[in-house]
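Taking it in order: structure first as structure tokens, then the write-up.
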Amino acid sequence: MRKLHVLLVDDEADFLDIMGTIIKGWGYDLIKARGGKEAIEIVKSKKPDIVILDYMMPQMDGITTLKAMRKIDSEVPVIMFTAYPEIKAMEWMDDLKVSAFIPKLSTYTDVSSSLRATIEMIIKKIRKTE
């Protein structure tokens, strides 16, 4: 069974490094992007199995990035990360096929546990369709 390729997109270098180390530790191949434009090029060229996308980024926010990604790959599972969860943002989840919306910083959730559970759920769906 091949390793799944996970694209992690965030404008914060520290977050990319820390979360990237965690994701690699779970046994996935990691691809990092520092913003929306870079992420779109990676989706075109490397076709990741899962995308983890930051909602709030300068230049191109997560929603704009995701809309562009959906024109390239309408089915890639996407997990949206945000430090500022808003109900308005979550309203677009179904239209843009967002698998999960996970708060980056919360006293109520363990980000890495929430992310790992979400990735495992997505992998089960991917494996069923292979």
Please determine whether any residue of region 88-101 is under 19 Å from Ile126 (Cβ atoms), of a type outside the set (D, E, K, R) and modelled with pLDDT of 90 or more. no
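Looking only at region 1-35, count every residue that is aromatic (Phe, Trp, Tyr) and touching a strand residue (DSSP E or B) at 6+ places or on another chain (Cβ under 6 Å) and tell me the total. Even if it seems obvious, please write down each step before you answer.
Taking region 1-35 first, the residues aromatic (Phe, Trp, Tyr) are 15, 26, 28.
Still in the list and also touching a strand residue (DSSP E or B) at 6+ places or on another chain (Cβ under 6 Å): 28.
Matching residues across region 1-35 total 1.
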Are there helices (runs of 4 or more DSSP H) fully within region 1-84 with at least 3 residues that are over 19 Å from Ile102 (Cα atoms) and without any contact (Cβ under 8 Å) to a residue 40 or more places away in the chain? List them. 36-46, 62-72
Given the residues Lys128, Lys71, which is the only one that is surrounded by fewer than 17 Cβ atoms within 10 Å (Cβ to Cβ), under 20 Å from Pro48 (Cα atoms), modelled with pLDDT of 80 or more and not aliphatic (A, V, I, L, M)? Lys71
Single residue of region 43-65 satisfying the filter (aliphatic (A, V, I, L, M) and under 23 Å from Thr129 (Cα atoms)) that is surrounded by the fewest Cβ atoms within 10 Å (Cβ to Cβ): Ile50
Name the residue that is surrounded by the most Cβ atoms within 10 Å (Cβ to Cβ), counting only residues in region 5-28 that are under 22 Å from Thr65 (Cα atoms) and more than 15 Å from the chain's Cα centre (by Cα). Ala13
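The values are calculated or read from the model by the stated rules, or taken from the named source; none is laboratory data. It should be emphasised that the depicted structure is a prediction, and the values quoted were computed from it without experimental measurement. Glycine also receives a Cβ, built like all others from the backbone with ideal geometry; neighbour counts cover every protein chain displayed.
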